Structure formats: C-alpha cells, structure tokens
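Chemist: This structure is in structure tokens; I'll ask about it shortly.
The values are calculated or read from the model by the stated rules, or taken from the named source; none is laboratory data. It should be emphasised that the depicted structure is a prediction, and the values quoted were computed from it without experimental measurement. Backbone-built Cβ (ideal geometry, glycine too); neighbour counts: all protein chains shown.
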Amino acid sequence: MSPTKTGVPRAGPGAALDRAETARYARHLVLPEVGREGQERLKAARVLLVGAGGLGSPAALYLAAAGVGTLGVVDPDVVDVTNLQRQILHGTSDLGGLKVASAKETLHDVNPHVHVEPYPEKLTSDNAMEIVAEYDVVVDGSDNFPTRYLVNDACVLSGRPNVYGSVYRWEGQLAVFGVEGGPCYRCLFREPPPPGMVPNCAEAGVFGALPGVIGAAQAMETIKLLLDVGQPVAGRLQIFDALAYRWREIEVRRDPGCPVCGDRPTVTAPVDYDLFCGTAPTATPGRDENGVAQLDPGDLIAVMTGNTSRTWDPADLLRLNLAWDPTDYPDLGFARPFLLDVREPIEWDAMNLARLGAVLVPMGQVPERLDKIPRGRPVVVYCHSGVRSLEVANFLAAQGYDEVRNLEGGIAAVLETNPEVLGLGE
Amino acid sequence: MNVLFFASHRELAGAGDTVVALPERSTVNALLAALRERGGGLARLPEQVAVAVNRQYADGETVLADGDEVALIPPVAGG
C-alpha cells in the first residue's frame, strides 16, 4: 500500500470488478477521477459509520450505492417512529427492530455487492480502538458529545480520517478531521459544552431533509478521500444554514497545543467521555456529585400526596385537586413538592403525571421560564428516563433552588411501578 | 464589529447577528465578556466559545479591528 496525500491507505489488489459490477458502476467508470482503478479501490475500501440515524442513513445509502466494499455500522438503538421523518435507511415495517438490522437489509437491497458489518452496540472507550482499526475512514453521524469526542480521539490515535457531520434544527456542520497535517475536532472544540447547554434532536427538533444534505456531503467527502481526488474539507469547517440556504466556510488549523493531535499530546488512549462531557449517569440512588438528590420512583406517591403507604388511594386524587397550592392548605401536614415535567409537549401528550399535579416546562425553556417554578417549596423534576431531568435539577440547584430532587428512572420507572397514577393521553 | 450567531447561540442571542462597539485593540475575550454583559440568554454563553474572526479560527487573545466579522461557532451534536 502506498500512502496518499490524505493518509488514507490505497486499496490492495484483489478488488477486480466482475461483469455485473462493471455494468452497475458504468457512470463512475467513465469519470476520469474514478475509472476502473478508482472503482476497484472503492470495492476494497472499508468505511465505518458511527450512527445509522439522520446522517448515517444518507451517508450509508450513497456509500453502498457507490460500491464501497465494506460498510461497518455501529448503532445500539432500535427504530422509533420519531426517527422516520429523516432516517431514510429505516421504514415503517422496521419499527422496534435494531437500526443495524434494517440498515443492513436496506443497504443490501441497494447494492448486494456491498458487505455490511453490523455492530448493535454503543461505541465505547473499550471497543472504539479495535473497531476503528478495521476501517479506512470513519463517518461520524453520532448524536451526542461524548461519542463525538470518542470518535475524534480514536480516529486521531488510529490515524484514520474522521468525516464529521452534525445537525441542529435548521443548521448543519461538515468537516474532515484527522487527516495528515489537519486539525481535529478538539482543535475546534477544545472543551465540551456544559451539560444541558445544547439540546439534542429530540429536545430541539431537526428539519428532516437537513441531515440528507449533510449526510450526503459526508458520503461525498468519504469517497473523495478513498479515491484521493480533489480537496477534502479538511481545515475548512462548513456551516450550513438551511433557512437562508447559505454555506459558510471557516478556516481551522491544527492546534499545536491540542491534547490529542498537538505536538505534545496528553490524550494517548480513549478516556472516560461521559466524565469529560459531564454527562456521567448516576449509578447509585441518593445524591450525585453535584448534590442533587434522587427520588426513588416508589416514593413518588408518598412525596406528592403525603400518603406514606406508597399505594395509590383514589381519595388522594381528590385531596390533590383541592390542595393544588399546599400553602392554602397548611393542615395537609406536608410540603407538597412542585412536580416539574421537562419533556417535550408531544411526550406529555402521550403520558404524564398531571394526576400528581405535574406542570410541563420543556427543558429548553426552563432558563427563560424560572418564574413558572416556585421557590421556597421542594421541586421534583422528571423526564422520560431521568437523564434530561438530572441536568435540569442540577441547573435549578445552581440557580438557588434548595430542595431539588430528580425522579430516578423518570416517568418510565413510574410506568413500571405505579401505572395507575399516569394520565394517559390527557 | 459584526458578530454572527449560529444554532444554539442564535437562540441565546435571539438573533442571527449583532453589532458590538468596543475600544480599539480589544480582544476576542473582551468581546465575549461584552456579549455576556448584555444579559438575557447571552449571559449563559459558555466559558469556552469557539470563535472565527474574518472566517479564520481565532483564540481568545486575538486582537480585533473595527469592521471585523466575528462568528461564534456553537458545538452541535445532533445526528
């Protein structure tokens, strides 16, 4: 193998095209920049897609159609109905199934000559180096900051280009990181944002066709790297504004002080990215490191109604409706907490804790709507599974709310323990 | 100088851009401090913000000149 100008190894021998492939790739074969040699190179190439979601879908479809011989797909998730608005690898009949399974099926249908290697698992500090080493180029279509830093570091440490894309509402970013002499993701974003600062797609929304644009561009940049043609978007972060239809280019150079690709790197193996990003889930009940207490879902009824038997008594419902504001009913004998739901309205509509007096303020609106959250009274925060609400609970504690608790396991845990208190579709 | 906001920063600022007047030879860090002092959502601009001056990535000590275009680059993780 001879190195190319971007450091991507050239495909070895043994990738000759058969007659069916020659016909299939006819429009590539006539391009001087591809030709038979280039197409054979694509056939021998191995590309890893981290995430089979909004970005991974179009990227994988174009890479498969282009005849990239092996596509690794890492994704631990199953297909959810809210994915289908943009994740075009998956269809309605795939709901509830593993994304890597529907990805493999769809890609095989697009191009049966392509081998798809599914990884139905999360990319972690333990498996990333081993998996990345198997591939020539990595396409980062992940959906969270810990994975973004992990992909970056594993790529730099393994000498693999990282074709980065990300989306938020109507805006996207695109860049090639980790090629020789170029910057990496950490040169651009040295520190992760504070947890909870940047909402994810579920919280903020994303325009469905946007990841189509960015993901297709990731496929294009990947193929250019594999063919060693043109100029990759290395060192040139692209920021796309779909509403204005405008691409902006920002020149980013390698930072000699970068902890992973700099002159004196301090990160020489994958680290704990949940810790680095401040997103570490709290494993034990009670208090987390920031001092916000966890509330056991089994205690929720007792805490909200003063009924310590932990069982739901319909009389409590009446009492709660009367005692909407506990300060009006001091004889109740307990400080009834303010129950704060920080999910999105669509999640609230599906199921909620209105029967226990819950009030909805979606996570992204909490900082602007603190006036909706009373002080001088305990606050219990919940979301679907307890992750978003922990961020909000910590935020409220930092804002001076003194008795904040996070409902551990979220409304999903209440569904398990006390489904009778849930308002369904109310 | 003209400051551009994207993605989550755009929502903090409530606008895609703004004009900031600063003393001569002010740095990027001084600009960020001035933005935070405006209060509202901008008060919550994180400690570390990636910045480009005239479409080139720049550090906090970079000295600004009148008429510079300063873009705040938000981290975005959605996929």
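Chemist: Check B:Val51, B:Val63, B:Val70 and return the single one that is at pLDDT 95 or above and surrounded by fewer than 18 Cβ atoms within 10 Å (Cβ to Cβ). Can you show your working first?
Modeler: On the way: B:Val51 fails: surrounded by fewer than 18 Cβ atoms within 10 Å (Cβ to Cβ); B:Val70 fails: surrounded by fewer than 18 Cβ atoms within 10 Å (Cβ to Cβ).
Exactly one residue qualifies, and that residue is B:Val63.
Chemist: Further, regarding this structure: Restricting the search to the range B:4-19, which residues are without any contact (Cβ under 8 Å) to a residue 40 or more places away in the chain, assigned to a strand (DSSP E or B) and among the hydrophobic types (A, V, I, L, M, F, W, C)?
Modeler: B:Val19, the sole residue that qualifies.
Chemist: Additional query: So A:Ile214 clears everything in (1) of a type in the set (A, V, I, L, M, F, W, C); (2) in contact with a Leu (Cβ under 7 Å, 6 or more places away or on another chain); (3) away from every other protein chain (no Cβ under 12 Å) except one condition, right? Which one?
Modeler: Among (1) of a type in the set (A, V, I, L, M, F, W, C); (2) in contact with a Leu (Cβ under 7 Å, 6 or more places away or on another chain); (3) away from every other protein chain (no Cβ under 12 Å), the lone unmet condition for A:Ile214 is (3).
Chemist: When the residues of the range A:243-261 are narrowed to those that are buried (at least 17 other Cβ atoms within 10 Å of the Cβ) and assigned to a loop (DSSP other than H, G, I, E, B), which ends up farthest from the other protein chains (Cβ to nearest Cβ)?
Modeler: A:Val260
Chemist: Which of the residues belonging to the range A:211-258 are β-branched (Val, Ile, Thr) and under 13 Å from A:Val163 (Cα atoms)? First the steps, then the outcome.
Modeler: Residues of the range A:211-258 that are β-branched (Val, Ile, Thr), as a first pass: A:213-214, A:222-223, A:229, A:233, A:239, A:250, A:252.
Correct list: A:Ile214, A:Thr222, A:Ile223, A:Val233.
Chemist: Also, quick follow-up: I need a count of the residues in the range A:129-169 that are among the hydrophobic types (A, V, I, L, M, F, W, C) and at pLDDT below 95.
Modeler: Of all residues in the range A:129-169, those among the hydrophobic types (A, V, I, L, M, F, W, C) come to A:129, A:131-133, A:137-139, A:145, A:150-151, A:154-157, A:163, A:167.
The next check asks that each one be at pLDDT below 95; those that pass are A:145.
Number satisfying all stated conditions: 1.
Chemist: Residues that are touching a strand residue (DSSP E or B) at 6+ places or on another chain (Cβ under 9 Å) and at pLDDT 95 or above: list the helices (runs of 4 or more DSSP H) wholly contained in the range A:1-103 that include at least 3 such residues. Let's see the steps before the verdict.
Modeler: Numbers: elements: A:19-24, A:26-29, A:35-44, A:56-65.
Answer list for the range A:1-103: A:56-65.
Chemist: Yes or no: the range A:172-193 includes at least one residue that is under 19 Å from A:Gly53 (Cβ atoms) and within 9 Å of chain B (Cβ to nearest Cβ). So that I can check it myself, show each step before the final result.
Modeler: Residues of the range A:172-193 under 19 Å from A:Gly53 (Cβ atoms): A:172-175, A:185.
So of that shortlist, the ones also within 9 Å of chain B (Cβ to nearest Cβ) come out as A:172-173.
For the range A:172-193, residues under 19 Å from A:Gly53 (Cβ atoms) and within 9 Å of chain B (Cβ to nearest Cβ): present.
Chemist: Residue check: is A:Ala175 surrounded by 24 or more Cβ atoms within 10 Å (Cβ to Cβ), within 25 Å of A:Val68 (Cβ to Cβ) and at pLDDT 95 or above? Spell out how you get there, then give the answer.
Modeler: Values: surrounded by 24 or more Cβ atoms within 10 Å (Cβ to Cβ): yes; within 25 Å of A:Val68 (Cβ to Cβ): yes; at pLDDT 95 or above: yes.
Here the answer is yes, as A:Ala175 does meet what is asked.
Chemist: Pairs under 8 Å by beta carbon, first residue free of Cβ contacts under 8 Å to residues at least 12 places away in the same chain in the range A:222-238, partner surrounded by fewer than 21 Cβ atoms within 10 Å (Cβ to Cβ), six or more apart or different chains?
Modeler: Close Cβ pairs satisfying both conditions: A:Lys224/A:Gly230.
Chemist: Modelled with pLDDT under 95, more than 7 Å from chain A (Cβ to nearest Cβ) and in contact with a Phe, Trp or Tyr (Cβ under 9 Å, 6 or more places away or on another chain), is that true of B:Gly16? Full working, then the answer.
Modeler: Details: modelled with pLDDT under 95: yes; more than 7 Å from chain A (Cβ to nearest Cβ): yes; in contact with a Phe, Trp or Tyr (Cβ under 9 Å, 6 or more places away or on another chain): yes.
It is true that B:Gly16 is modelled with pLDDT under 95, more than 7 Å from chain A (Cβ to nearest Cβ) and in contact with a Phe, Trp or Tyr (Cβ under 9 Å, 6 or more places away or on another chain).
Chemist: Scan the range A:35-42 and give yes if some residue there is under 32 Å from the mean Cα position of the chain (by Cα), touching a residue at least 24 places away in the same chain (Cβ under 8 Å) and either more than 14 Å from chain B (Cβ to nearest Cβ) or within 22 Å of A:Arg160 (Cα to Cα) (or both), otherwise no. Even if it seems obvious, please write down each step before you answer.
Modeler: Here is the first cut: in the range A:35-42, the ones under 32 Å from the mean Cα position of the chain (by Cα) are A:41-42.
Checking the rest, the ones that are also touching a residue at least 24 places away in the same chain (Cβ under 8 Å) come to A:41-42.
Still in the list and also either more than 14 Å from chain B (Cβ to nearest Cβ) or within 22 Å of A:Arg160 (Cα to Cα) (or both): A:41-42.
Checked against the condition, which is being under 32 Å from the mean Cα position of the chain (by Cα), touching a residue at least 24 places away in the same chain (Cβ under 8 Å) and either more than 14 Å from chain B (Cβ to nearest Cβ) or within 22 Å of A:Arg160 (Cα to Cα) (or both), the range A:35-42 yields at least one hit.
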